[in-house]
Amino acid sequence: MRGRLFVFSGPSGAGKNTVLKEAIPLLGNISYSISCTTRKPRPEDVDGETYFFLDEAVFKDMISKGMFLEYAKVHGNLYGTRRDMVESELEKGRDVLLEIDVQGAIQIKESMKEAITIFIMPSSAEELERRLRKRGTESEEEIQLRIKNAQKEQLFADKYDHIVINNNLNDTVEKFVDIVKGYRGESK
Ligand code: 5GP
C-alpha cells in the first residue's frame with residue numbers, strides 16, 4: 001500500500017521542530033522530507049540533514065525542471081520539497097512528513113487531495129515572540145518579519161484538516177501522534 005503524506009505547518013517559533021523531534025521516533029515508518037532552501041545555514045544547520053542548502057541559480061533551475069512538488073518564498077528565501085524523494089518513499093509504502101509553510105501546504109492540497117494537513121498554533125502571540133527571541137538565531141529585523149508573517153499564516157489555519165494548539169509540549173506531541181495513528185488505523 002502507498003504511504004500517506006502528512007503536511008505540518010505553523011508559524012516560525014510555534015515549536016514545530018521540537019514537536020517533530022519527539023513525535024517521529026514514536027511513530028516509526030515515517031520519513032521526514034528534507035527541504036531545499038536558498039536561506040543561509042545557521043550555526044546548528046547541517047547540509048543534507050536540516051536542509052539542502054542551494055544557490056538561487058540552482059534552485060531556479062530545479063523549478064524550471066519541475067523537480068519540486070511545491071515551493072514558495074518564505075521570509076525572503078526560497079524553500080521547496082523535492083518531488084522524487086517524496087514519491088519514492090510513498091511508493092515504498094512509507095508515510096512522509098513535510099514541514100512546510102502555508103503557501104506550500106495549499107499547493108500540496110491542490111495536487112494531492114489525499115494529503116493530510118496539520119497546523120500548529122502557538123498558545124499566544126507573546127509566547128511566539130518569546131520563543132523567537134530565546135532561539136537567538138535571527139536579527140531584530142528578521143524577528144519582526146517572522147512575527148508579521150505568523151499573523152498572516154494563522155489566517156490560513158482553518159484550511160487545514162487539523163489544528164493543534166501548542167500549550168504544552170507533551171500534550172501537543174501526543175495529539176500529533178494520535179492524528180497520524182488515527183489515519184493508520186493504529187490504536188493508542
Ligand atoms: P526556517 O528557515 O526557520 O527553517 O523555516 C522557515 C519557514 O520555511 C518555516 O515556516 C518552514 O515551515 C518553511 N519551510 C521549510 N521547508 C519548506 C519547504 O520545502 N517548502 C515550503 N513551502 N516551506 C518550507
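The values are calculated or read from the model by the stated rules, or taken from the named source; none is laboratory data. The structure presented is a predicted model; accordingly, all values stated were derived computationally and were not measured. Quick reminder, even Gly has a Cβ in these numbers, built from the backbone with ideal geometry, and neighbours come from all protein chains shown. Areas reflect the complete protein model, heavy atoms only, side chains present, ligands, DNA and RNA absent. Shrake-Rupley method; radii C 1.70, N 1.55, O 1.52, S 1.80 Å.
Some observations on this one:
A quick yes/no check of all residues on (1) surrounded by fewer than 15 Cβ atoms within 10 Å (Cβ to Cβ); (2) in contact (Cβ under 8 Å) with a residue 24 or more places away in the chain; (3) aliphatic (A, V, I, L, M):
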| position | (1), (2), (3) |
| --- | --- |
| LEU5 | no, yes, yes |
| GLY10 | no, yes, no |
| SER35 | no, yes, no |
| ARG42 | yes, yes, no |
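- Failed item in (1) more than 30 Å from MET1 (Cα to Cα); (2) in contact with a strand residue (DSSP E or B) (Cβ under 8 Å, 6 or more places away or on another chain); (3) of a type in the set (D, E, K, R); (4) not in a helix (DSSP H, G or I), with GLU138 passing the rest: (2)
- On the stretch given as the range 82-132, residues that are assigned to a helix (DSSP H, G or I) and acidic (Asp, Glu) total 8.
- Qualifying residue in the range 16-24 (condition: more than 11 Å from the ligand (Cβ to nearest atom), of a type in the set (Gly, Ala, Ser) and more than 16 Å from GLU99 (Cα to Cα)): no
- Residue satisfying all of: in the range 48-81; near the ligand (Cβ under 9 Å from one of its atoms) and assigned to a loop (DSSP other than H, G, I, E, B); nearest to the chain's Cα centre (by Cα) among these: THR50
- Any hit, the range 22-29, residues being open to solvent by 60 Å² or more (accessible area, probe 1.4 Å), under 16 Å from the mean Cα position of the chain (by Cα) and under 26 Å from ASN167 (Cα atoms): yes
- Put simply, of LYS159, LYS134 the only residue that is open to solvent by 70 Å² or more (accessible area, probe 1.4 Å), in contact with a helix residue (DSSP H, G or I) (Cβ under 8 Å, 6 or more places away or on another chain) and over 19 Å from ASN77 (Cα atoms) is LYS159.
- Residue match in the range 64-74 (condition: open to solvent by 30 Å² or more (accessible area, probe 1.4 Å) and of a type in the set (Asp, Glu)): no
- Subset of the range 92-131 (residues that are within 10 Å of the ligand (Cβ to nearest atom), polar (S, T, N, Q) and either out of contact with any Leu (no Cβ under 9 Å at 6 or more places or on another chain) or open to solvent by less than 10 Å² (accessible area, probe 1.4 Å) (or both)): GLN103
- Selection status of ASP171, at pLDDT 90 or above, closer than 23 Å to SER31 by Cα and acidic (Asp, Glu): yes
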